[in-house]
1. Looking at SER80, SER58, SER73, SER67, which is the one that is on the phi < 0 side of the Ramachandran plot, in contact with a Gly (Cβ under 7 Å, 6 or more places away or on another chain) and in contact (Cβ under 8 Å) with a residue 60 or more places away in the chain?
2. For region 45-91, enumerate the residues that are farther than 17 Å from THR134 by Cα and among the polar types (S, T, N, Q).
3. Name the single residue, out of those in region 31-55 being touching a His at 6+ places or on another chain (Cβ under 7 Å) and part of a loop (DSSP other than H, G, I, E, B), that is nearest to ALA69 (Cα to Cα).
4. Can you tell me which residues in region 69-78 are surrounded by 14 or more Cβ atoms within 10 Å (Cβ to Cβ) and modelled with pLDDT under 90?
5. Taking ALA70, is it touching a Cys at 6+ places or on another chain (Cβ under 8 Å), under 19 Å from ILE109 (Cβ atoms) and outside any loop (DSSP other than H, G, I, E, B)?
6. Can you name the residue in region 2-30 that is assigned to a helix (DSSP H, G or I) and within 15 Å of PRO77 (Cα to Cα) and, of all such residues, is farthest from the chain's Cα centre (by Cα)?
7. Taking region 13-30 as the search range and keeping residues that are buried (at least 18 other Cβ atoms within 10 Å of the Cβ) and modelled with pLDDT of 95 or more, which one is farthest from LEU61 (Cα to Cα)?
8. Can you pull out every residue in region 73-89 that is closer than 15 Å to LYS140 by Cβ and assigned to a helix (DSSP H, G or I)?
Amino acid sequence: MIWHTKPSLEVLNQLVPNTLLSTLGIKFTEVGDEYLEATMPVDERTKQPMGLLHGGASVALAESLGSVAAYLSAKDPMQSVVVGVEINANHLKSVQNGIVTGRVTAIKIGKRLQVWQIDIKDQNENLVCSSRLTTLTTKKEGNN
């Protein structure tokens, strides 16, 4: 298991209110020993003007999943700050409606740098977006 303490869905979803995740309708839906999943609706909040899932919304889902995973796998999460330092995304298939599901898995978990793979699929299990996020974990200020 990559989590220092396996989180519950209830606790994860308490992070959502009053954030971008809430605005986009993102909800954490599954926690495995080696992965974390969340869903996002394809609706007026997440579509671009042509009626398709906005690539930026996919990236927001990917970075949210990767950042939370990095925080949960930190050696001392209560004393850590996790920030994204690089993200890329390949948008592979368009989606017009429904729900997409993102799954994050670790590529490399180091002491400070971590690399995460996030795959986003539509309701038919088609790969919509493949993303990779690099995060940096530092100590909270004032914690030496």
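The values are calculated or read from the model by the stated rules, or taken from the named source; none is laboratory data. Given the structure is predicted, the values throughout are model-derived calculations rather than measurements. Glycine also receives a Cβ, built like all others from the backbone with ideal geometry; neighbour counts cover every protein chain displayed.
1. SER67
2. Across region 45-91, the qualifying residues are THR46, GLN48, GLN79.
3. Filtering region 31-55 down to residues touching a His at 6+ places or on another chain (Cβ under 7 Å) leaves 46-48, 55.
Next cut, part of a loop (DSSP other than H, G, I, E, B) only: 46, 48.
Working: THR46: 22, GLN48: 27 Å.
The selected residue is THR46.
4. ALA74, PRO77
5. no
6. Residues of region 2-30 assigned to a helix (DSSP H, G or I): 9-13, 20-24.
With the extra rule that they be within 15 Å of PRO77 (Cα to Cα), the set shrinks to 11-12.
Details: VAL11: 15, LEU12: 12 Å.
Per the stated criteria, the residue is VAL11.
7. Of everything passing the filter in region 13-30, PHE28 is farthest from LEU61 (Cα to Cα).
8. Answer for region 73-89, where residues must be closer than 15 Å to LYS140 by Cβ and assigned to a helix (DSSP H, G or I): PRO77, MET78, GLN79.
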